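**Q** Structure provided below as structure tokens; questions to follow.
Nothing in this text is a laboratory measurement; each read-out follows from the coordinates by a stated rule. All of these numbers come straight from a predicted model, not from anything done at the bench. Because the Cβ atoms are built from the backbone with ideal geometry, glycine has one as well, and the counts that use them run over all protein chains shown.
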Amino acid sequence: MPLFSTSPQPRVPPFMPTAIETAVTLSRDSNQALGIGQFAFDFMNGMGEPDQSVLEKTTQFFTDSVLCGLSALALGTNAPTVLRDEALGYPRTPGVPVFGDPRPVCPEKAIAANASAVREWDSNGTNFGFNPALGHTAGEFGHNDFYPVAIAAAQLSGKDGTKALRGMVCLDEIRGRLAEVFSLKSYRIDHVVHGAIGSAATYGAMLGATPQQIESAIGMFVAHYIPWRAIRAGKQLSDSKGASAAISTEAAILCMQRSMNGFVGPKDIFRNPEAIWRQFEPTDGDSPFNLVLSHSGGDFAVMGMHFKLGLYEHQSAGALQGLIDLIEANPIIIEQPENIASIKVIAYEPAFGIIGDPAKRDPRTRQSADHSMVYIVSRKLKKAIELAKSSGNSKLGANNDEYWKALMLTPYDFDDKALFDADTRATMEMISFEHGGVEYDAKYPDGIPTSMIITLKDGTSFDSGLVMYPSGHARNTTCNLVDILDNKFKVLGDLALAQPQPIIDRFNGISSLDAEGLKSLYDFDILDRGTFE
């Protein structure tokens with residue numbers, strides 16, 4: 001059976017139609033680990049041509065991720081600081097730099113440090129594993145945490161920014177398509193497994209590994225390093241939640257390095273009867289899924305990924321859009337906040353289970369607060385009320401985009417002062433969070449199906465109606481995404497850099513950097529804003 005098949009796949013009514021001739025299919029009865037290795041090797045050596053829209057979207061996610069990371073370091077957050085200091089204790093030539101320091105260190109340590117910083121705020125990109133055009137709707141989460149892998153590989157091998165960007169596309173394609181066909185969360189396995197597999201494949205391909213060596217590294221990682229969602233369980237979350245991608249990716253890079261040095265890991269891991277895939281979804285010998293990987297055109301996984309327009313768990317995006325819609329249409333809500341009697345949020349699973357957990361009604365750490373629906377909504381509403389009062393105008397902008405920019409949640413909305421703010425806590429007590437049942441669940445992960453009803457003490461109710469595609473969602477067609485993202489980049493850049501715009505421009509122009517420019521990509525000073533509390 002050939003590794004790659006171009007035979008048509010069963011389709012459901014189109015969403016983002018995949019042109020099969022621009023993709024390769026790794027059939028369930030083939031060695032998919034070797035197939036991923038072959039795909040990464042071929043793609044990084046010139047197979048196919050992504051549309052300009054794919055490169056632009058990937059660049060946006062890259063810039064977004066780095067600014068999240070730099071601001072987390074500037075505010076002295078714990079895990080990124082610990083891992084950065086650790087990386088600087090492993091000097092190596094040749095090596096690669098961490099954010100804000102030109103000294104070369106071991107690649108796996110730099111990647112772990114940078115990926116941890118990127119993920120710390122939980123404010124960078126998200127995917128939901130949803131591709132009904134191919135019937136691939138497993139719905140696994142994932143995040144754009146892994147770009148440090150492609151940057152490090154390009155720096156280490158003397159490649160330019162164009163090659164680094166192509167590596168980012170490759171990594172997102174592998175992890176994004178795996179998220180469409182296998183739901184790790186259903187079996188309490190952490191979603192970073194998909195990203196770690198993509199990291200091993202992309203890193204190896206960029207450094208000249210053979211497809212067989214990449215297969216070995218993927219097999220090694222899956223056999224030795226599977227993380228459970230214990231990382232994210234508990235009433236108050238720890239550093240492990242934000243650093244999960246970093247720690248798993250560090251392991252994946254070590255696996256790839258060992259494989260390139262001659263260590264042989266398990267082969268054909270997707271069909272291995274003792275590996276996670278067939279253990280959780282038993283088959284007669286095949287992998288549980290076909291895997292389609294794009295190499296050309298515009299239908300890449302990254303095009304279905306979503307932006308967070310501030311600091312919040314993405315599952316709350318529908319509620320935040322509903323709140324903005326309501327206060328924009330009914331300014332009396334923020335003119336007379338003392339008259340609010342109740343706020344009801346209705347949403348789908350898994351939003352209800354993840355950020356509606358009763359333990360999240362009393363968050364006492366930032367990591368718990370940014371996974372608390374009642375807290376996130378309360379902080380957004382408090383910002384609106386305070387801005388209306390300070391400006392003397394309850395009309396906070398001319399349109400939806402202006403409201404999102406004015407009310408963007410920042411790290412300071414999750415510090416100790418905000419976390420235990422009396423007004424915020426009082427608003428939290430007024431919020432009820434209900435599961436919308438089958439009607440809502442059926443619309444996820446196509447959208448973020450959520451509605452909000454704000455009721456005043458005189459009985460007047462304001463209903464947002466069903467929100468499906470909030471601003472930042474890949475299928476939102478109404479907001480000016482570039483404008484809102486530019487504002488987010490400025491907000492985070494101002495926290496981290498004395499002169500942020502030239503650095504932002506550098507990130508946005510990564511495809512134009514030569515090899516020397518890419519090596520000095522992170523040459524700048526990060527401000528010290530003190531320890532985040």
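**Q** Set the Förster radius R0 to 56 Å, insert the Cβ-Cβ distance between residue 435 and residue 520 as r into 1/(1 + (r/R0)^6), and round the FRET efficiency to 0.05.
**A** 0.65
**Q** Principal axis lengths of segment 314-471 from Cα atoms, whole Å, largest first?
**A** Principal extents (largest minus smallest coordinate, Cα): 42, 32, 31 Å.
**Q** Just to be sure I understand the model, the point goes 7 Å from the Cα along the line to the Cβ. What's the resulting residue 412 to residue 391 distance in nm?
**A** Spacing of the two 7 Å Cα→Cβ label points: 1.7 nm.
**Q** When N is the residue count of segment 391-533, what does its C-alpha Rg come to as a fraction of 2.2 N^0.38 Å?
**A** Taking the Cα Rg and dividing by 2.2 N^0.38 Å, one obtains 1.39.
**Q** In what sequence do 168, 408 fall when counting other Cβ within 10 Å, fewest first?
**A** Listing 168, 408 from fewest to most nearby Cβ atoms yields 408, 168.
**Q** Considering all alpha-carbon pairs of segment 340-405, what whole percent are spaced by more than 13 angstrom?
**A** Beyond 13 Å sits 70 percent of the P(r) for segment 340-405.
**Q** Can you sort 216, 461 from fewest to most other Cβ atoms within 10 Å of each residue's own Cβ?
**A** Ascending number of Cβ neighbours within 10 Å: 461, 216.
**Q** Using Cα-only point scatterers and the Debye equation, what is log10 of I(q)/I(0) for the chain at each q in 0.06, 0.09 Å⁻¹, rounded to two decimals?
**A** Values returned for q = 0.06, 0.09 Å⁻¹ are -0.27, -0.62.
**Q** Evaluate 2.2 N^0.38 Å with N set to the residue count of segment 201-291, then give the Cα radius of gyration divided by it.
**A** 1.22
**Q** If each Cα of segment 35-157 is one equal point scatterer, what is log10 of I(q)/I(0) from the Debye formula at q = 0.15 Å⁻¹?
**A** -0.81
**Q** Still on this structure: Can you give the three extents of the C-alpha atoms in segment 13-92 along their principal axes, from longest to shortest, in whole Å?
**A** Rounded to whole Å, the extents work out to 47, 28, 26 Å.
**Q** Rounding to the nearest 10 and keeping the result within 0 to 90°, find how far the Cα-based axis of helix 32-44 lies from the longest principal axis of the chain.
**A** Once rounded, one gets 90 degrees.
**Q** Report the per residue volume, in Å³, of the convex hull enclosing the C-alpha atoms of segment 167-220.
**A** Given the Cα convex hull of segment 167-220, per-residue volume reads 70 Å³.
**Q** How about segment 477-533: which trypsin sites (Lys or Arg not before Pro) there are in a DSSP loop, with at most 16 other Cβ atoms within 10 Å of their Cβ?
**A** Passing both the DSSP loop test and the Cβ count: 529.
**Q** Nearest 10 degrees is fine. How inclined is helix 481-496 to the longest principal axis of the chain, computing both from alpha carbons?
**A** In the chain, helix 481-496 runs at an angle near 90 degrees to the longest axis.
**Q** Per-residue ellipticity at 222 nm for the chain, helices alone: DSSP H runs ≥ 4 residues times -39500 (n - 2.57), over residue total, nearest 500 deg cm²/dmol?
**A** -14000 deg cm²/dmol
**Q** Here's a follow-up. Specify the angular offset, from 0 to 90 degrees and rounded to the nearest 10, of the alpha carbon long axis of helix 192-206 from the longest principal axis of the alpha carbons in the chain.
**A** Orientation of helix 192-206: about 40 degrees from the principal axis.
**Q** Also, quick follow-up: Taking the Cα centre of segment 70-219 as the origin, how large is its charge dipole in debye, to the nearest 20, when only Lys and Arg (+1) and Asp and Glu (-1) carry charge on their Cβ atoms?
**A** 220 debye
**Q** Give a quick list of GluC sites (Glu not before Pro) in segment 191-295 that DSSP marks as loop, anything other than H, G, I, E or B, with at most 13 other Cβ atoms within 10 Å.
**A** 274
**Q** Sticking with this structure for a sec: If you take the Cα atoms of segment 375-426, find Rg, then find the Kirkwood Rh from the mean of 1/r over all pairs, what is Rg/Rh?
**A** 0.98
**Q** Could you list 271, 425, 175 so that the one with the fewest beta carbons within 10 Å of its beta carbon is first and the one with the most is last?
**A** If I rank by nearby Cβ atoms, fewest first, I get 425, 271, 175.
**Q** In Å and whole numbers, how far do the C-alpha atoms of segment 392-455 stretch along each principal axis, longest first?
**A** 40, 31, 27
**Q** If each of residue 280 and residue 499 carries a label point 7 Å out from its Cα toward its Cβ, how far apart are those two points in nm?
**A** 4.9 nm
**Q** Measuring from centroid to centroid over Cα atoms, what is the spacing of segment 410-448 and segment 255-293 in Å?
**A** Taking the Cα centre of segment 255-293 as reference, the centre of segment 410-448 is 39 Å away.
**Q** Within segment 244-272, what residues put their amide N at less than 16 Å from the label point 7 Å along the Cα-to-Cβ vector of residue 212?
**A** Label zone hits: 259-269.
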